[in-house]
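Mind having a look at this structure? Questions to follow.
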Amino acid sequence: MISTRRVAALCLAVTSGSIWCQQGDSAGPVDASVDVVDAATPHVCITTAFANCHEGWCAVHAGQFQMGSPLDEWGRDLNTEDIIQVTLTRDFLIQQFELTQRQWTSQGYAPRAGQVVDAGSQNFGDCLGDECPASNMTWFEAVQFANSLSTREGRTPCYDLNGCAANGDGTDGGPACGTVKPTSGSVYECSGYRLPTEAEWEFAARAGTTTAFYSGTIAAQEGGWTECANDPNLLKIGWYCVNSPSFLTHQVGLLAPNAWGLFDTSGNAFEFASDPFQGRYTRTSIDPWQAMGPSDEPVLRSGNVFETSSQERSAERLGESRWIRMYTAGFRLARTLAPNETWTGSLLPVPLRATCPPK
């Protein structure tokens, strides 16, 4: 189930009486013919080259960090963001950008991104175009995509999927599987592509920082966490309710990356992680991860284009049903690096990114 805190943010009521959330193809009309990319929106042009990033992938070295948020961080969730000291013992690759619609369709998957249009012709949902985030897939479809890419590159798929059905909940939801188990003991041991664990995601998103955003601290808002208000540090790095009044995602990579080269880890599209959501984070502090149980909800990270600043923080966590397809919800892939491995990217097309014009 969607957390009570998020119902107002996730299910945007439109004047026709339908809601923005989607299960299967049931929620509101979808306008798939409009190619919406706001080219006039100011963005930071990218001049920095990152030594550990190549062809849309970044290598992250094993290390330790504090996962969660301090008690004095404005907007934190008191029950889901306890600080734990985490040790990751394996180097890994992670996508520099959120998976794009062009990358999704390159594996033979039908495009799912779309928009809901209310009676006032206001679009909600995804920008439509090759370099916009892929979205509107279930968690199961995301791990199927990871397996497909692994097989294509001759790697061992990371997920053993059993009992899969087109409508896993028996109603109008998307595909679901009875069990999802790792093929190699844990996802860390697999050589193929997978969703990042929640710990890997936050480690990579923080890039050595301990503040609310990798760009700095969060500004308290007088109206509380539901207030859509300006945050100077977030505006540099994330698409959220203030700079995305149309509630549409944006092309990947238009704002400033973190110190390790990753873009859009605060805002734009939600991102699935490999783990199930738990209220309090109770897993081991060394390579934390847990297999998905039959009734577990996967974790969504990164925040979203229509959320407020407190919901874009690096420590923010959300649980979501595995069979719901939701506009503005996608993922970025990861892969464990073998010791001394030389890597050269993948067979996925490389996303375009903003570049500075010649002087």
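A short reminder: the numbers here are calculations on the coordinates, not readings from a lab. Owing to the predicted nature of the structure, the values given are computational and were not obtained by experimental measurement.
Wrap a convex hull around the Cα atoms of region 231-283, take a quarter of its surface area, and give that in square nanometres. Each step should come with its number before you reach the end.
Values: hull surface 21.2 nm².
Over every viewing direction, the Cα hull of region 231-283 projects on average to 5.3 nm².
Over region 205-248, what is the relative contact order in whole percent, taking alpha-carbon pairs under 8 Å and six or more residues apart?
Relative contact order of region 205-248: 29 percent.
While we're looking at this one, here's another question. For q = 0.10 Å⁻¹, what log10 I(q)/I(0) does region 191-287 give under the Debye formula with an equal point scatterer on each alpha carbon and no solvent?
Normalising to I(0) and taking log10 leaves -0.32.
Share of Cα-Cα pairs in region 99-166 beyond 15 Å, in percent?
Counting every Cα pair in region 99-166, those more than 15 Å apart make up 59 percent.
May I ask you to derive the relative contact order of region 159-295, considering only C-alpha pairs under 8 Å and at least 6 residues apart, and to give it as an integer percent? Each step should come with its number before you reach the end.
Numbers: 165 pairs, mean separation 33.1, N = 137.
24 percent.
Follow-up question, since we're still on this one. Quick check on region 244-359: take the gyration tensor over C-alpha atoms, sort the square-rooted eigenvalues as a ≥ b ≥ c, and tell me if it's rounded (a/c under 1.5), prolate or oblate.
Note, shape of region 244-359 comes out oblate.
Still on this structure, I have one more. Please report, in cubic angstrom per residue, the volume enclosed by the convex hull of the alpha-carbon atoms of region 79-237.
Hull volume over Cα atoms, normalised by residue count, gives 195 Å³.
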